[in-house]
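Here is the structure we will look at.
Every number here is computed from the coordinates shown, using simple stated rules; none is lab data. Here the structure is a predicted model, which means the values were calculated and not measured. Positions of Cβ are backbone-derived with ideal geometry, glycine not excepted, and every protein chain shown enters the neighbour counts.
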Amino acid sequence: MASSAGLALCGQALVVRGGSRFLATSTASSDDDVLFTYDCSTAEKKSQENKGEDGQPTDKGSDTILASTFSKSGSYFALTDDSKRLILFRTKPWQCLSVRTVVRRCTALTFTASEEKLLVADKSGDVYSFSVLEPQGCGKLELGHLSMLLDVAVSPDDRYVLTADRDEKIRVSWAAAPHSIESFCLGHTEFVSRIFVVPDHPELLLSSSGDRTLRLWEYRSGRELHCCHLTSLREPAEPWGDKRFAASRITYWSPEGCVALLCDCVPVVYIFQLDAHRQQLGYRQQLAFQHRVWDIAFEEGQGLWVLQDFREAPLVLCRPVDGWWQAVPEDAALKKVSAHLQGNWAMLEGAAGVDVGFSGLYKATFDNVTAYLRKKEERLQKRRQNLPPGPNGQAKKIKPGEASLRCSS
């Protein structure tokens, strides 16, 4: 939801999306990889138009891809678009398996660990499940929130469904009986933008929010283990220091327990070290970029891939060197994938000026007291001006309660 351009990685399979299209390739250095492209505008439409209460057709959408994800093994890939469609693909080889309709526009989706179901969260606060084994099957309502959902995740054993909403809550529900709630993770003071279950520490959850914090939880009990305030990490000279922002991506690198955090509208990637034994996060460094960063993703065999708004270098590959993450100047896989993106830059060009971040989700504050006191003072001034003069030519003073009596008479 933070950008119309995105990046997804699983194994050596890499997908870059922009607008209504996506491109799939491999990060392997071999020259015989197959390039697969897909355009949602060519996907099948609904047979009948949805009509609103006035009988007029509702908005058909723009076909822009809203969210996408790989399954755990990388065998499947799924996306949802602005035309309320859920499209499922097989990746070995790439093939579109189904195009299904969702009830409302979606904000996030994830596969279960067993890869039997696909969970889709939408703007109305509902989560629907769709069968992967039966690609044409209809969706089933699993659970609902009272506010917009921004992310959904599942535990590695498929026992719990975790959902994050606009009302600062993270809910942990039983997958077998989603109406049964195991716990709430409460502590954020703004919308929860992203949640991430740590794969090699399945009892731990990472979350980010519009309150500019990254938090670590033991989610089954709802206990907060650590909170990192991102505002304390900013440099004094940074122009976005006082800007409101929320994380648009949390990604994790298992070999060294590194957590990378990307925030919308901020050209910086924060790197943290997860200490699972001490149950805390340690800040390591910032990676600053000169261009807008659309998305990030770790690949275990390569490092951190960064997708940015720069045609000459659309991708940056970072690796740890002497304990510090640095951009790799020369890499065969980086050159190959970047060449593919440069040849298909039109799909990313449309995303360059699109701002679909979290700015509209912050709480709106209203200062009614100041306006009330100002209007009250104006009324009192008018009454003083309209008072008849006293015996000595001075305006008569108002006795307590007299103003209200004059108004009532």
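The stretch between residue 232 and residue 275, if pulled fully straight at 0.36 nm per residue, gains 13.5 nm over its current Cα-Cα span.
Fully extending the segment from residue 141 to residue 158 would add 4.4 nm, taking 0.36 nm per residue of separation and subtracting the current Cα-Cα distance.
For residue 223, neighbours were defined as the other residues whose beta-carbon sits under 13 Å from its Cβ, and their charges (Lys and Arg +1, Asp and Glu -1) total -2.
Across the cross-link table entries 140/243; 123/335; 72/140; 92/336; 92/123; 84/363, which are compared at the Cα atoms, the separations over 29 Å belong to 140/243; 123/335; 92/123. What the phi angles of region 265-273 give under the Karplus curve with 6.51, -1.76 and 1.60, with θ = phi - 60°, is a coupling list of 6, 10, x, 9, 10, 8, 10, 10, 10 Hz, glycine and proline written as x. Only the Cβ atoms of Lys and Arg (+1) and of Asp and Glu (-1) were treated as charged; on that basis the dipole of region 76-176 about its Cα centre amounts to roughly 280 debye. Pick out, in residue order, every one of the trypsin sites (Lys or Arg not before Pro) in region 152-228 that is DSSP loop and has at most 14 other C-beta atoms within 10 Å; say none if there are none. For trypsin sites (Lys or Arg not before Pro) across region 152-228 that sit outside H, G, I, E and B with at most 14 neighbouring Cβ atoms in 10 Å, the list is empty. Segment residue 330..residue 286, full-extension length gain: 13.7 nm, with 0.36 nm per residue of separation and the alpha-carbon distance subtracted. The distance linking region 75-89 with region 173-252 is 26 Å (Cα centroid to Cα centroid, whole angstrom).
If amide hydrogens are placed 1.01 Å from N in the peptide plane, which non-local residues have theirs closer than 5 Å to the one on residue 283? The list, which skips near neighbours in sequence, is 273.
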